[in-house]
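The values are calculated or read from the model by the stated rules, or taken from the named source; none is laboratory data. The shown structure was predicted, so the numbers you read here are calculated from the model rather than taken from an experiment. Every residue, glycine as well, gets a Cβ built from its backbone with ideal geometry; the counts of neighbours run over all protein chains shown. Each accessible area value is taken on the protein alone, full model and side chains, heavy atoms only, with ligands, DNA and RNA left out. Shrake-Rupley method; radii C 1.70, N 1.55, O 1.52, S 1.80 Å.
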Amino acid sequence: MKTVGYAAHNSDAHMVPYHFERRDLRANDVAIEILYSGVCHSDLHTVNGDWGPQSYPLVPGHEIVGVVQSIGTDVTKYKIGDKVAVGCMVDSCQACDQCDKGEEQYCRNGLTMTYGSPDRISGDITQGGYSKHIVVREEFVLSLPENMDLSKSAPILCAGITTYSPLRTWGVKAGSRVGVIGLGGLGHMAVKLAVAMGAEVTVLSRSKKKEQDAKAMGALGILASSDEEAMQAAANSFDLIIDTVPAKHDVTPYTQLLDIDGTLVIVGQVGPLEEPMTIPLITGRRRIAGSLIGGIEETQEVLEFCAKHNVYPECEMINVDQINDAFERMAKGDMAHRIVIDMASLAAE
Ligand code: NAP
Ligand code: ZN
């Protein structure tokens, strides 16, 4: 199938329109017309080559919402016209213990990412959601709850599941004291989801600039990491902190904010951190952990959770030709929301 997207042709270049082919449908494939595609900081890291060399041209995008256009002969879960979504993964071995548990993101044989990964069968490099169409095997397609607003749902597919999964893993419930470091795409979803779970949520931001946004999302307010006095006063006051900072940083000022047995979960920086001080860990059985997106079952769960609790990302809609500008803005980190591409702005031919 011929399609068109926006691709980076090397790590320095701006993304430009790119015509390419999606594979012919295999028996278990679903072809999707993409309506909306969220813009994640991981797209920026990948295009820039921050996580190692990439295969270019590269079409990023792993927060995908659309409608089923056609299905393979063995597909039973979806029919033409269904509202569907795709997140960060499009395949895994489906045979190991992790896949059996529905934790395909930890597949022992390696997951296939939505873009920039070799396809398990053909070896072709996968291309993502900044495009008109995508073909994905049925098991990795999510169903959008009937009452969901498609134009506001795309960021749930990465920012949503990546923060929902640790909130669930660490048992956040009514009254839990949750801190969220960085009020960006992931951070603002962490706030909204934790608030919907009944937690008391505080945003740990570099300054108080985003306080109004934080409060509008249900957070108690902002604790500015630059305010040493306030940071001292907040010692021992969190059960769980979700760290979404997309760069190398020092976690020690934050581990001190955890109560005994508290956990700091890193979902942001994929790479080195500054050397952490172990004293807060040892003297309070505090932990530093990490977490990668979430499995397909849990991604379906967060979609249902958002529909039920009316939790939607804050989406700023852009046309696809504004994507390079969006990347520049995201690099600055001053948005407290997610940018979403309206794919109708990309002409089919
Ligand atoms: P984002 O929208 O750019 O938000 C990141 C936030 O971090 C910013 O809004 C800012 O918040 C803060 N920040 C930015 N630069 C900073 C710096 N140099 N030092 C300290 N704080 C800084 O990014 P995102 O889309 O949420 O993604 C965040 C990170 O998560 C990225 O590294 C991405 O690759 C990663 N990620 C991981 C997974 C996973 O599975 N673990 C999944 C998706 C994304 P304040 O202004 O409030 O400080
Ligand atoms: Zn992402």
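Inspect segment 17-39 for any residue being free of Cβ contacts under 8 Å to residues at least 60 places away in the same chain, farther than 24 Å from Ile121 by Cβ and more than 16 Å from ligand 2 (Cβ to nearest atom) and give the result as yes or no.
no
Answer yes or no as to whether Ile293 is on the phi < 0 side of the Ramachandran plot and not hydroxyl-bearing (Ser, Thr, Tyr). If you could, list the steps in order and put the result at the bottom.
Working: on the phi < 0 side of the Ramachandran plot: no; not hydroxyl-bearing (Ser, Thr, Tyr): yes.
So Ile293 does not fit the description; no.
Give me the residue from segment 288-299 that is open to solvent by 20 Å² or more (accessible area, probe 1.4 Å) and in a loop (DSSP other than H, G, I, E, B) and, out of that set, nearest to ligand 1 (Cβ to nearest atom).
Residue satisfying both the conditions and the ranking: Leu292.
Hey, among the residues in segment 309-329 that are within 17 Å of Gly160 (Cβ to Cβ) and touching a residue at least 40 places away in the same chain (Cβ under 8 Å), which one's surrounded by the most Cβ atoms within 10 Å (Cβ to Cβ)? Don't jump to the end; show me each part of the working.
Restricting attention to segment 309-329, the residues satisfying the condition of being within 17 Å of Gly160 (Cβ to Cβ) are 309-316.
After this cut, where a residue has to be touching a residue at least 40 places away in the same chain (Cβ under 8 Å) as well, the list is 309, 311-315.
Values: His309: 13, Val311: 20, Tyr312: 18, Pro313: 23, Glu314: 18, Cys315: 20.
Of everything passing the filter in segment 309-329, Pro313 is surrounded by the most Cβ atoms within 10 Å (Cβ to Cβ).
Mind checking which residues of segment 37-50 are open to solvent by less than 20 Å² (accessible area, probe 1.4 Å) and either basic (Lys, Arg) or under 13 Å from Met15 (Cβ atoms) (or both)?
Across segment 37-50, the qualifying residues are Ser37, Val39, Asp43, Leu44, Thr46, Val47.
From the residues in segment 255-267 that are open to solvent by 10 Å² or more (accessible area, probe 1.4 Å) and touching a strand residue (DSSP E or B) at 6+ places or on another chain (Cβ under 9 Å), which one is nearest to ligand 1 (Cβ to nearest atom)?
Filtering segment 255-267 down to residues open to solvent by 10 Å² or more (accessible area, probe 1.4 Å) leaves 256, 259-261, 266-267.
Now narrow it down to the ones that are touching a strand residue (DSSP E or B) at 6+ places or on another chain (Cβ under 9 Å): 259, 261, 266-267.
Numbers: Asp259: 22, Asp261: 23, Ile266: 8, Val267: 4 Å.
So the residue we want is Val267.
Tally time: how many residues in segment 51-84 are within 16 Å of ligand 2 (Cβ to nearest atom), over 13 Å from Ala31 (Cβ atoms) and surrounded by 15 or more Cβ atoms within 10 Å (Cβ to Cβ)? Give the steps one after another, and end with the answer.
Going residue by residue through segment 51-84, those that are within 16 Å of ligand 2 (Cβ to nearest atom) are 51, 54, 58-65.
Checking which are over 13 Å from Ala31 (Cβ atoms) leaves us with 51, 54, 58-63, 65.
If we keep only those that are surrounded by 15 or more Cβ atoms within 10 Å (Cβ to Cβ) too, we end up with 54, 58-63, 65.
Residues meeting the conditions: 8.
Residue check: is Asp239 modelled with pLDDT of 95 or more, farther than 30 Å from Val16 by Cβ and buried (at least 17 other Cβ atoms within 10 Å of the Cβ)? First the steps, then the outcome.
Working: modelled with pLDDT of 95 or more: yes; farther than 30 Å from Val16 by Cβ: yes; buried (at least 17 other Cβ atoms within 10 Å of the Cβ): yes.
So Asp239 passes the test.
Going through Ala336, Ala347 one at a time, which residue ends up being part of a loop (DSSP other than H, G, I, E, B), more than 16 Å from ligand 2 (Cβ to nearest atom), of a type in the set (A, V, I, L, M) and over 21 Å from Asp43 (Cβ atoms)?
None of the other options fit; the residue is Ala347.
Is one or more of the residues making up segment 99-109 of a type in the set (Gly, Ala, Ser) and either in contact (Cβ under 8 Å) with a residue 24 or more places away in the chain or open to solvent by 40 Å² or more (accessible area, probe 1.4 Å) (or both)?
At the first step, the residues of segment 99-109 found to be of a type in the set (Gly, Ala, Ser) are 102.
Subset that is either in contact (Cβ under 8 Å) with a residue 24 or more places away in the chain or open to solvent by 40 Å² or more (accessible area, probe 1.4 Å) (or both): 102.
Yes: segment 99-109 contains one or more residues that are of a type in the set (Gly, Ala, Ser) and either in contact (Cβ under 8 Å) with a residue 24 or more places away in the chain or open to solvent by 40 Å² or more (accessible area, probe 1.4 Å) (or both).
Suppose we filter Val251, Val270 for residues that are touching a helix residue (DSSP H, G or I) at 6+ places or on another chain (Cβ under 9 Å) and on the phi < 0 side of the Ramachandran plot; which single one remains? Give the steps one after another, and end with the answer.
Values: Val251 fails: touching a helix residue (DSSP H, G or I) at 6+ places or on another chain (Cβ under 9 Å).
Every option except Val270 fails the conditions.
Quick one: in segment 273-287, which of the residues that are touching a helix residue (DSSP H, G or I) at 6+ places or on another chain (Cβ under 7 Å) and part of a loop (DSSP other than H, G, I, E, B) is farthest from Tyr164 (Cα to Cα)?
Filtering first and then ranking leaves Met277.
For segment 268-280, give me each residue that is away from ligand 2 (no atom under 16 Å from the Cβ) and open to solvent by less than 20 Å² (accessible area, probe 1.4 Å).
Within segment 268-280, the first condition is being away from ligand 2 (no atom under 16 Å from the Cβ), and the residues that meet it are 272-280.
Residue satisfying the conditions is Pro280 alone.
Mind checking whether some residue in segment 131-148 is within 16 Å of ligand 1 (Cβ to nearest atom), among the polar types (S, T, N, Q) and open to solvent by 30 Å² or more (accessible area, probe 1.4 Å)?
no
Give the residue, chosen from Gly284, Gly262, Gly294, that is modelled with pLDDT of 95 or more and either more than 20 Å from Ala190 (Cα to Cα) or aliphatic (A, V, I, L, M) (or both). Before you say what the answer is, go through the steps one by one.
On the way: Gly262 fails: either more than 20 Å from Ala190 (Cα to Cα) or aliphatic (A, V, I, L, M) (or both); Gly294 fails: either more than 20 Å from Ala190 (Cα to Cα) or aliphatic (A, V, I, L, M) (or both).
That would be Gly284, the only listed residue that is modelled with pLDDT of 95 or more and either more than 20 Å from Ala190 (Cα to Cα) or aliphatic (A, V, I, L, M) (or both).
Report yes if Gln300 is over 16 Å from Thr162 (Cα atoms) and either modelled with pLDDT under 95 or of a type in the set (S, T, N, Q) (or both), otherwise no. Reasoning before the result, please.
On the way: over 16 Å from Thr162 (Cα atoms): no; either modelled with pLDDT under 95 or of a type in the set (S, T, N, Q) (or both): yes.
In short, no.
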